[in-house]
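Every read-out reported here was derived from the displayed coordinates using simple, explicitly stated rules and does not represent laboratory data. Keep in mind that this is a model prediction, so the values were computed, not measured. Reconstructed Cβ throughout: ideal geometry from the backbone, glycine too, with neighbour counts over all protein chains shown.
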Amino acid sequence: MWLLVRLIANALAILAAAYFLPGVEVKGWWPLAGAALGLGFINAVVRPLLLLLTLPVTLLTLGLFILLLNGFCLWLTSLLIPGFEVHGFWTAVGGALIISVVSWLVTALLGDRTRASA
């Protein structure tokens, strides 16, 4: 159940990014579901490796480099999922920032209730 809630939260966050940024496009419900799944997978598998490899840069920038990594993960998702497009790297960074804020809000609203049911 927790995984489904996180998937829906990811999809809502991607929709918010597409609504607020003209460079993020979602061309239907299936690409939205694919982007939510793809971004979840990339954040679970690729992002930890990138965080480990770029740890010195992240420490030097006091954590701000993580925003660039999140943008890279969103951009990578757009390359892998047809129908989900991110035009430009800085648009990806802005979209990743919006997705992070929306995901944080959903998690803050739901609290630990979602983890307790898993």
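Of the candidates Val93, Val102, Val106, the single residue that is surrounded by fewer than 18 Cβ atoms within 10 Å (Cβ to Cβ) and in a helix (DSSP H, G or I) is Val106. The test for being at negative phi, surrounded by 18 or more Cβ atoms within 10 Å (Cβ to Cβ), under 13 Å from the mean Cα position of the chain (by Cα) and assigned to a helix (DSSP H, G or I) holds for Phe72.
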